[in-house]
1. Using 7 Å Cα-to-Cβ label points, what is the residue 744/residue 635 separation (nm, one decimal)?
2. Could you please rank 50, 693, placing first whichever residue has the fewest other Cβ atoms within 10 Å of its Cβ?
3. Rg/Rh for region 292-512: what does it come to with C-alpha atoms and Rh from Kirkwood?
4. Of 464, 356, 56, 631, how do they rank once you tally other Cβ atoms within 10 Å and put the fewest first?
5. How far apart, in nanometres, would the label points at residue 487 and residue 312 be if each is projected 7 angstrom from Cα along the Cα-to-Cβ direction?
6. Please arrange 34, 556, 530, 694 by how many other C-beta atoms lie within 10 Å of their C-beta, fewest to most.
7. Net charge near residue 585, counting Lys/Arg +1 and Asp/Glu -1 over other residues with Cβ under 12 Å of its Cβ?
8. Count charges around residue 604 for me, please; just the other residues with Cβ under 12 Å from its Cβ, Lys/Arg as +1, Asp/Glu as -1.
Amino acid sequence: MEQQFLDQYHQCKTRFVAKEFDDLDHEDLKAFQHLRHRARQIFKSIIRDRKLGEKYDVAALTYFGADLEFKNDNVSYLVFRSSYFIYALYEKIAELADSQAKQKEVFDLLRFIAKPLIQNIEAELDLKDESQRLLQCFIQYMLKLKDGLVTFSDWDNYSKNQVFNQTKIRNYLHDLKIIFKRLVQRKIVQRQRRKKIKMNDWPTKKKLKIFQRKQEKRQLIKSYPGYIRTCQEVLYDEEGDVEYIDEGISVHTTDRSTARFNSVLNPQSEHLMRHRQRRLQPFVTNTHFMSKDVIQHLIYVLKSELYNDHPNDAAIAAACLLSLATGLSPMHLLQFQQLIDEGVLIKSKSHKKPEYILRLHLDITEQKVDILKHHQLNQTVTHDLHLSSSWFEYIVLHESQHVLMANDINKKIKEWTMNQGIGSITVEKLQAQLYFYIFHRTFNEYIAHVLSGKDSNHELPSSYYNGVPTTELNQNYLIYLDTLDIKETKQEIQIVKNQFEENKQNLSLRFGSQLALNQNYVSQFFTRLHATCSDKVQLHQHLIERINAYSVWMWHISLLCLTLRPRENLLGNYSDYDLRMKLLYVNDKKNSRSRKDGRYIPLPQFFIQAVKRYIQFLNMVIQQYADLLKYVFGKRITLQDLFGQVIFYPNDLPSSAQEWASKKIKIFALKRSWVNDYMEKHQLSSLYNNWLRHFDMNILMEQSVAFNVIQAIYGHDQRNQELFYRYSSASLPQYINQFTQSIDRMIKQLHIEHLSISLTTQNEGLS
């Protein structure tokens, strides 16, 4: 298709290159619209197959048709004409040695300039007018060239008469200037700049403290014979969702004489990082965990300091109380106006008195398909928690502009709690209590992360998938507030509870992933899919249609029942399935540096039955069409050859022996792009690829499946916290039963049935 389009595209050059849009007749418009339609198909295919970097040239030449919903034919035609001149520049650039990078730059530049015109992106609406003017200027200059002779000075003088206010457009103008300059010089300039590193002596103890306070993630110590680097390994799926997070730390020496010590230092630093992670685990034996009586005694101490004559001390005490209630750092709460500016805190006036709200926010992928917004299971990614405004009043009275560090606040807390018998209290401990107590009550890491605000740092991959009713968030938070409720704080806590009561939300409102769709939509989807596939697998249909339709059905059933990632060869090998033990071994994180092992996914009864029916269908096909399959593929086809596979055919379905003999008919494994094309071809909903994985996690949560089980199923459990870690007491039968019973219950709620095939193909053993 691409080559046919390019041939037609170049044939039309003389027809369109010198014509303005207003000069086009009826036949010209018809030819242009035809080209635009085909360009759209090709550009869409490039984006879908993620080959934009590989096919940059075709992407640029088809960009004028990137969006058919864009109705401005005049502007689209402008981009189309510009592409011919861009291609002319590319031909001249290609003649120069070592110009591969510059060739790509030429094509990419067209897409960058035209993007505000073709794609309706709100952030780039201001660029539209100037982008259009720049393309018009470029076309006019190229038309004036004599015999295609480029002169840098002419372009420089020509473009100086054009005034562009937008920085991006001026940069694009500069890029064009450089391209013309290289064509005049007839050479490509390769720049290699080596950064000079100034080596200093090792930093003093005082300088190290300054570096530590900066809390830099990349480099803690700069411009010295070594540096410490902390990083997060973040594994994203194809939809951009976080699938796995792991923290690491490494120490490097830049001095060659000491470089050999890297192998000694790094294991030790890794050990220290793991020790820090364990220290923050929500165990009751964790030294950071404070029992209820300790918290309440601390609140009594802090409450008494609110009436301290020194306003700074009262502000610190109030910040510590709010830290217990919010999970935020006292340092940040002392500068709460900054939190208001960032949208973390909301300040509103009610009853002539300011009220403060903690806004929980999930920084996750939002629903981009407008039609599906009406079918979202979770409606919001923000949730508000009411806070005691009276404690903020003491911080408002804090007049000092001096920013207090953690050590300053820790010293003050140590002074207040001395001889109180409650142990050492630190800023880190105060922040951790909300998370600890919510986790101990729910044993649900997702809810604990959301309420404590940890999800904002993407510390939990499930934050991208999960969802929960807002009433459940409020309920768990109010129960935690009972922990802070003592005689001295009863009035403040009661006011907060009343605020929750007065601002009751819709009971059906849910908080979480915007990509999870509701049960009604999912049920309707599988009803439509079942009707199509059930018809296509019958005996009267073409053999290829039957095999492919059943494979598409099993693709979606696997995604729904096993929470798998939509990867190539999704069904794997038949030998991977242990139907007796009801387990499937999956390893879809092979590109992770820190997690090389896979996981076992339990097989629900519905899926086991589906696999048995699928195998029976394939065996029937192999037996009935053994000679034909051997004739087409040159070998005896077995069950494994067809399991989870589809048959590709180039054009129309083969009917004659000659058509069957085509070498273009091939067997290959299921993959996302092929399934998406199949769904579109048969007018079925082609959704984003990970949508069932989002739906499943929400349903599993709704059916009260243990969160650590969900984490294990999804491969989200962190290192040394795996469900079946060597020190784990998890039960394999319970693990299997929890998941399979929940999925089978979900299947019944969705009213999904097995594919039915002709009676002549049905034998015993289906049930």
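Throughout, read-outs are computed from the coordinates displayed, never taken from laboratory work. Keep in mind that what you see is a predicted model, and the values were worked out from it rather than measured. Here Cβ is always computed from backbone atoms with ideal geometry, including for glycine, and neighbour counts include all displayed protein chains.
1. Placing both labels 7 Å beyond Cα along the Cβ direction yields 3.8 nm.
2. Fewest-to-most ranking of 50, 693: 50, 693.
3. Values: Rg = 17.9 Å, Rh = 18.3 Å.
Rg/Rh for region 292-512 comes to 0.98.
4. If I rank by nearby Cβ atoms, fewest first, I get 631, 56, 356, 464.
5. 3.3 nm
6. On the way: 34 12, 556 21, 530 18, 694 26.
By the 10 Å Cβ count, ascending, the order reads 34, 530, 556, 694.
7. That sum, taken over residues with Cβ under 12 Å, equals -3.
8. Residues near residue 604 contribute +1 overall.
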